[in-house]
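Novice: Starting off with a structure, shown below.
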Amino acid sequence: MTTYAQPPSSYLPPDSQPQGINPWLVRLPILVITGGIMLGLILVMAVGGFQLVYAGRIIPNVWSNGINLGGMTPERAVAALDENFSYDDSTVFTFRAGDRFWQASARELGVQLDTAATVTQALSIGHGRGFLDNVIDQALTWLNGESVSPEVRYDQGAAAAYLSSIAAEIDHPPSEAQLVINGSDIQARPANRARRWMSPARWRYWIMPSLHCSRAAKFSL
């Protein structure tokens, strides 16, 4: 009887050798998870750093009256707005009655920029809500920008005082017909009806609303 020895496994054909697990099937998930954790840590550090840097400051890309207020403290933003706001001094309103006229700037008529209110509104962007909402607002503002309309303060008392001074010059009470004798000179003065050019209704509904919505205006009294 003839016997044959079993050849060692190292001599088996290549297709017959046992196959191991591909190491990348283990490495790839580990790399993905590790990369995700590192990216998350970087984002958390970036967001935390942003909150620290802009705590008490206006976030980037917030504009008002053509000025980029991003990164400014409230005090610096107030100074920048005051320095660049010229509407109250450059806008002139003209009041005309017959051949007489009066001119006054918007500031003289009580129009001023409320810088404190404007800066408060700008500072509230990205700071005034919950943490997640703030982060979303900050990212959107950084990408798209945000414009804050200047808050204009209007003192009706100043306008009324100025217009009252004009009214004192052009309004007059009624007068009866008179016969004035001056020596041999005799003059007859006809009766005049009262004229009130600057009535409160005209101030309230016609002139005053125009003071803070026009670049300049002329009013015929």
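Novice: For Ile33, which of the numbered conditions (1) modelled with pLDDT under 55; (2) closer than 30 Å to Ala139 by Cα fails to hold?
Specialist: For Ile33, the failing item is (1).
Novice: Same structure, new question: Against the definition (in contact with a strand residue (DSSP E or B) (Cβ under 7 Å, 6 or more places away or on another chain) and modelled with pLDDT under 90), how does Asp99 come out, yes or no? Full working, then the answer.
Specialist: Working: in contact with a strand residue (DSSP E or B) (Cβ under 7 Å, 6 or more places away or on another chain): no; modelled with pLDDT under 90: yes.
No: the conditions fail for Asp99.
Novice: Something else about it: What helices (runs of 4 or more DSSP H) lie completely within the range 65-170 and have 2 or more residues being in contact (Cβ under 8 Å) with a residue 60 or more places away in the chain, touching a Pro at 6+ places or on another chain (Cβ under 7 Å) and of a type outside the set (Phe, Trp, Tyr)?
Specialist: Working: elements: 74-84, 87-90, 115-124, 131-144, 156-170.
In the range 65-170, the matching helices (runs of 4 or more DSSP H) lie at 115-124.
Novice: Let me ask another. Filter the range 105-133 for residues that are hydrophobic (A, V, I, L, M, F, W, C) and modelled with pLDDT under 90; which is nearest to Ala160 (Cα to Cα)? Show your work before the answer.
Specialist: First pass over the range 105-133, keeping only residues hydrophobic (A, V, I, L, M, F, W, C): 106, 109, 111, 113, 116-117, 119, 122-123, 125, 131-132.
From the residues that got through so far, the ones that are modelled with pLDDT under 90 too are 106, 109, 111, 113, 131-132.
Details: Ala106: 13, Leu109: 8, Val111: 12, Leu113: 19, Phe131: 47, Leu132: 48 Å.
Only one residue fits best here, namely Leu109.
The values are calculated or read from the model by the stated rules, or taken from the named source; none is laboratory data. Because the structure is predicted, anything quoted here is derived from the model rather than measured. Heads up, the Cβs are rebuilt from the backbone with ideal geometry, glycines too, and the neighbour counts pull from every protein chain shown.
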